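Data first, discussion second: the structure below is written as structure tokens.
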Amino acid sequence: MAWVIVIKVYEIDPLHDPRWVPFLEKHRLASVFHSQEWLSALQRTYQYRVGALTTSFSGEALTNAMVFCRVRSWLTGPRLVSVPFSDHCAPLFETQEQVDSLLGHLKQQCDRGTEQYLEIRSAAGGAGGMASSASFCLHRIDLRPELSELFDALHASCARRKIARAGGKV
């Protein structure tokens, strides 16, 4: 006999849920693209409906979430995008089972015809049985070190010399 564990998925409004900001402040993968300010700008500018899926029950602290916008376009049809006009917006989760549950819930919406497709912009690539349709480069730089340390880490001829020639001071 095989046991099947069902994880309940809840949809929340990250613009109004008081748990959202404290959750982002603690999560190591959170970025500016998860912020209420970014999501609010997308909603105000493009009228996208913003939402997030989580396995955290209402009233308990958020431990995971996948933020997305419902995009309605005459060209591409209805779709879920995590998150439009962002370089990346990774699902914020603790375990692979959680992200698989969240993706499975979204995939069911696509299968029912509620949405035509899902677009997850994550540096992690495909997950939950979904394939990557395209790949891109994501460049990251840790800006916490001192300016001189950052400058010294740059390539001598490609970057440091050009900065010096342009009159940049470090």
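The values are calculated or read from the model by the stated rules, or taken from the named source; none is laboratory data. Owing to the predicted nature of the structure, the values given are computational and were not obtained by experimental measurement. Cβ: placed from backbone, ideal geometry, glycine included. Neighbour counts: every protein chain shown.
Go through (1) out of contact with any Asp or Glu (no Cβ under 8 Å at 6 or more places or on another chain); (2) closer than 24 Å to residue 108 by Cβ and name the single condition residue 26 misses.
Looking at each condition in turn, residue 26 falls short on (2).
Looking at (1) farther than 25 Å from residue 143 by Cα; (2) of a type outside the set (Asp, Glu); (3) touching a Phe, Trp or Tyr at 6+ places or on another chain (Cβ under 8 Å), which is the one condition that is false for residue 7?
It fails just one condition, (3).
For region 89-100, enumerate the residues that are modelled with pLDDT of 80 or more and assigned to a helix (DSSP H, G or I).
Correct list: 96, 97, 98, 100.
Scan region 29-40 and report the pairs whose first residue is among the aliphatic types (A, V, I, L, M) and whose second residue is in a helix (DSSP H, G or I), with Cβ atoms within less than 9 Å and a gap of 6+ or a chain change.
Within 9 Å, the pairs are 30/23; 30/24; 32/38; 39/33.
Being farther than 22 Å from residue 49 by Cβ, touching a strand residue (DSSP E or B) at 6+ places or on another chain (Cβ under 9 Å) and at pLDDT below 80, is that true of even one residue in region 138-159?
Looking for residues that are farther than 22 Å from residue 49 by Cβ, touching a strand residue (DSSP E or B) at 6+ places or on another chain (Cβ under 9 Å) and at pLDDT below 80, one finds none in region 138-159, hence no.
From the list 25, 37, 60, pick out the single residue that is under 23 Å from residue 100 (Cβ atoms), surrounded by fewer than 18 Cβ atoms within 10 Å (Cβ to Cβ) and either among the aromatic types (Phe, Trp, Tyr) or in the same structural domain as residue 110 (by TED's automatic domain parsing) (or both).
Exactly one residue qualifies, and that residue is 60.
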